[in-house]
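Undergrad: Please read through the structure below; I'll follow up with questions.
Any read-out appearing in this document is the output of simple, stated calculations on the displayed coordinates, not a laboratory observation. Since this is a predicted model, take the numbers as computed values, not measurements. No Cβ is skipped: glycine too gets one built from the backbone with ideal geometry, and neighbour counts run over all protein chains shown.
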Amino acid sequence: MTTHFSHVEVRSAVDLLASRSLIRLITEIDDNGAIPPRRMPSTFPDLSSHQLRRATEAACAHALVRTASGSGLELTDSGAELADLYDAAARWARRHAYPAPVCDFSSRVRHVLDLLAPSLVAKGADGRMWPWGARASSTEADLARPRALLIEWLAGNSQVTRVADPELAA
């Protein structure tokens, strides 16, 4: 799939997707199912109420989660696909000890997204966007699956490339 994104689009999307609180919310729901609203603070004791509220608002605004009657927040199809992207990124990072041999899941995902971002906007000599430039190193080739998932996800979720939320990254 050859989809081209501007630097602003990629930066906006990566800023949102690499948010530690959003990563935690999406993966928690993916791993353990819907979260009742009253269970949110005990489910995420490491997140402040402000971080949790901002992550939930962003996830709802971008149609990553929805409120299911009787069960709480659950993933949408788009949210489930994002969870798959997060898993692929974290697996690659773990296999390559990136960014460090010992690192938490959220940090691994954030670093891989930051690593992939420039590849989505690299310019060719003719001004068109080209992934990775002329030659791909073995590391870049190994990133093909997470990169393909990211491109596919961004192409199907264009609302994420349009809205930046600087507070969410905090």
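Undergrad: Please give the charge dipole size of segment 7-162, origin at the Cα centre, charges +1 on K and R Cβ atoms and -1 on D and E Cβ atoms. Round to the nearest 20 debye.
TA: For segment 7-162, the charge dipole is close to 300 debye.
Undergrad: Per residue, what volume in Å³ does the convex hull of the Cα atoms of segment 1-118 enclose?
TA: Per-residue hull volume (Cα only) is 114 Å³.
Undergrad: Taking the mean number of other Cβ atoms within 10 Å as a proxy for protection, how do you rank 68-78, 82-92, 50-60 from highest to lowest?
TA: Highest mean packing first, the order is 82-92, 50-60, 68-78.
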